[in-house]
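Take a look at the structure below.
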Amino acid sequence: MGIGCLVLKYVDTNTQKMGKSTLKDNRTIKRYSESFKQLVIRELSEGRLTKTEAIHKYGIGRGSLYHWMKKFSRLDLYNPKIRIEMPEEKDHVKAMEQRIKELEKALVNTQLNHLKSEADLAVALEMLGYTTKEEFEKKHGANQSKKR
């Protein structure tokens, strides 16, 4: 067993669950101290051990090791990921990125045009002597429905 590792023996007695009996479970459950986890991560980060060596040396699971790397914000210890793609995939991704930029620009222009229209309306209402759009609609809204 590794340093700083507390081992508990877990034995499940026969129980009835939904009419089915379960078998005895003689698994060993390991709980690692925070200082032990930090020791393993430190050894990895200093290059004294590889991930595989640490797993074998301390008898820890690969999932536990990756969980600790994430927990201690040591994502730099993860294996680097590279993406290999075909030329047409790369072109497709570039085209989609370009399309996103175009749509974002169009959205900004639409928002600016809307703001300009709102400002123009406010100026026109003020020139006509109204303080709000609602005041104008209240006075002229009834006239519009009668003309139709």
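The values are calculated or read from the model by the stated rules, or taken from the named source; none is laboratory data. Just so it is clear, the structure is predicted and the values come from calculations on it, not from any experiment. In this analysis, Cβ positions are derived from the backbone assuming ideal geometry, glycine residues included, and neighbour counts consider all displayed protein chains.
Residues in the stretch 53-64: is at least one under 30 Å from residue 36 (Cβ atoms) and among the basic types (Lys, Arg)? Scanning the stretch 53-64, I find at least one residue that is under 30 Å from residue 36 (Cβ atoms) and among the basic types (Lys, Arg), so the answer is yes. Evaluate the stretch 46-68: report whether one residue or more is over 25 Å from the mean Cα position of the chain (by Cα), of a type in the set (S, T, N, Q) and surrounded by 11 or more Cβ atoms within 10 Å (Cβ to Cβ). Scanning the stretch 46-68, I find at least one residue that is over 25 Å from the mean Cα position of the chain (by Cα), of a type in the set (S, T, N, Q) and surrounded by 11 or more Cβ atoms within 10 Å (Cβ to Cβ), so the answer is yes. One residue stands out among those in the stretch 78-120 that are modelled with pLDDT under 90 and surrounded by 10 or more Cβ atoms within 10 Å (Cβ to Cβ): the one that is nearest to the chain's Cα centre (by Cα), which is 78.
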